[in-house]
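Colleague: Here you go, one structure.
The values are calculated or read from the model by the stated rules, or taken from the named source; none is laboratory data. Because the structure is a prediction, the values reported are computed rather than measured. No Cβ is skipped: glycine too gets one built from the backbone with ideal geometry, and neighbour counts run over all protein chains shown. Just so you know, the surface numbers come from the protein's heavy atoms only, side chains and all, with ligands and any DNA or RNA stripped out. Shrake-Rupley method; radii C 1.70, N 1.55, O 1.52, S 1.80 Å.
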Amino acid sequence: MTHLRAASLFILLAPVGCQRPAPVNVLQGEPGPTAFAGSKARDEREVVGVKLCWCPPGKFTMGSPPGEPERRPGEDQVEVTLTRGFWAGKYEVTQGQWKRVVGKLPGELTAELPEGDDYPVGNVNFAEAEAFCAKFTELGRKSGELPEGWEFRLPTEAQWEYACRAGTTTATAFGDKLGSSQANVKNKPYNGGEEGPTLGKAAKVGSYAPNAWGLHDMHGNVVEWCLDWYHAKLPGGTDPDLRDAKATAEKNRDGTYSRSRRGSAWTDDAWASRSAFRQRFEPERRYDHIGFRVVAVRR
């Protein structure tokens, strides 16, 4: 943060659907190499065949306001500052990308998780998702498309929600209502949203409209692993990162600990697609509706 200028620039994001647009406080003058960084939200680049969208540095309110319908414990709002921008996968990691980077799929396919290179990878546990990120980083370096000082990994909870919101302050990136025509969820709309089709299974990535920063399926399709150990309260402050904070994490009933996961899946009602909704899962476990999305960050 030593090179950050105190001045900030407020940009107004273009609205998506019925969302309520909000200003994003974008910090200027990030440290380190800039050639690989984006210049504005929604910039795109591709690394080893994986499309990425730029999420600029900035400030946002993480969590949900007290009056948000279907609000859950653990969503009390905190102010977060992300001092460095990052690239987020435009889509959830696909089966085709997994096979190209790792080889054999991490778990079995199911009737709800069909085989196909354009379908999200599922049945993946936390360690396997991290291993993919490490190998993908190696491939990016070898190809020359990922410079030194950058790496691929899972997003922190703060990065995930920031990317999901894409500058909005509404319950979802598409406004305060959501239905299954906007995301791959059950046809049980949220807060008066419109009814739509229920697939009852995974969809090819990018089948639904993106948010304002160009990211698809932040709501619905498969739930996505995050880097943090799950804590009862959201982390606030500057660049919160709880990847190593197991000692302060909330214990499960059986004494184990969980990693955070975000988003929702085809198995969920639309209310679970709220941007602030949090889930947790023991890192060793897997289900067909759990996948992940990569981010490229500066070390």
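Colleague: Given the criteria open to solvent by less than 40 Å² (accessible area, probe 1.4 Å) and aliphatic (A, V, I, L, M), does Ala209 qualify? Write out each step before concluding.
Modeller: Values: open to solvent by less than 40 Å² (accessible area, probe 1.4 Å): no; aliphatic (A, V, I, L, M): yes.
Here the answer is no, as Ala209 does not meet what is asked.
Colleague: Only residues that are touching a strand residue (DSSP E or B) at 6+ places or on another chain (Cβ under 6 Å) and either over 17 Å from Gly96 (Cα atoms) or basic (Lys, Arg) (or both): list them for segment 138-148, please. Spell out the reasoning first.
Modeller: Filtering segment 138-148 down to residues touching a strand residue (DSSP E or B) at 6+ places or on another chain (Cβ under 6 Å) leaves 140, 145-146.
Glu145, Leu146, listed by residue number.
Colleague: Quick one: in segment 161-194, which of the residues that are of a type outside the set (Ser, Thr, Tyr) and assigned to a strand (DSSP E or B) is farthest from Asp269 (Cα to Cα)?
Modeller: First pass over segment 161-194, keeping only residues of a type outside the set (Ser, Thr, Tyr): 161, 163-167, 171, 173-179, 182-189, 191-194.
This time we only want the ones that are assigned to a strand (DSSP E or B), so: 175, 178, 184.
Values: Gly175: 16, Leu178: 10, Asn184: 10 Å.
Within segment 161-194, the match that is farthest from Asp269 (Cα to Cα) is Gly175.
For every residue, the table says whether it meets (1) among the aliphatic types (A, V, I, L, M); (2) crowded, with 21+ Cβ neighbours inside 10 Å; (3) without any contact (Cβ under 8 Å) to a residue 40 or more places away in the chain.
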| residue | (1), (2), (3) |
| --- | --- |
| Pro240 | no, no, no |
| Arg243 | no, no, no |
| Lys251 | no, no, yes |
| Thr267 | no, no, no |
| Ala296 | yes, yes, no |
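Colleague: Further question on the same structure: Can you say whether Ser275 is buried (at least 24 other Cβ atoms within 10 Å of the Cβ) and among the hydroxyl-bearing types (Ser, Thr, Tyr), as far as the supplied structure shows?
Modeller: Values: buried (at least 24 other Cβ atoms within 10 Å of the Cβ): yes; among the hydroxyl-bearing types (Ser, Thr, Tyr): yes.
It is true that Ser275 is buried (at least 24 other Cβ atoms within 10 Å of the Cβ) and among the hydroxyl-bearing types (Ser, Thr, Tyr).
Colleague: Among the residues of segment 282-294, count how many are in contact with a Ser or Thr (Cβ under 8 Å, 6 or more places away or on another chain) and open to solvent by less than 10 Å² (accessible area, probe 1.4 Å). Explain how you work it out, then say what you get.
Modeller: First, pick out the residues of segment 282-294 that are in contact with a Ser or Thr (Cβ under 8 Å, 6 or more places away or on another chain): 282-283, 288-289.
Adding the requirement that they be open to solvent by less than 10 Å² (accessible area, probe 1.4 Å) leaves none.
So the count comes out to 0.
Colleague: Quick check on my filter: what residues within segment 143-202 are open to solvent by less than 40 Å² (accessible area, probe 1.4 Å) and among the basic types (Lys, Arg)?
Modeller: The answer is Arg153, Arg165.
Colleague: What about Trp98, is it in contact with a Cys (Cβ under 8 Å, 6 or more places away or on another chain) and open to solvent by less than 50 Å² (accessible area, probe 1.4 Å)? Walk me through how you get there before you give the answer.
Modeller: On the way: in contact with a Cys (Cβ under 8 Å, 6 or more places away or on another chain): no; open to solvent by less than 50 Å² (accessible area, probe 1.4 Å): yes.
In short, no.
Colleague: Counting only residues that are out of contact with any Pro (no Cβ under 6 Å at 6 or more places or on another chain) and over 15 Å from Val222 (Cα atoms), how many does segment 118-147 have?
Modeller: Total meeting the criteria: 19.
Colleague: Right, another one. Restricting to segment 112-152, what's the tally of residues that are within 26 Å of Thr267 (Cα to Cα), charged (D, E, K, R) and not in a loop (DSSP other than H, G, I, E, B)?
Modeller: Residues meeting the conditions: 2.
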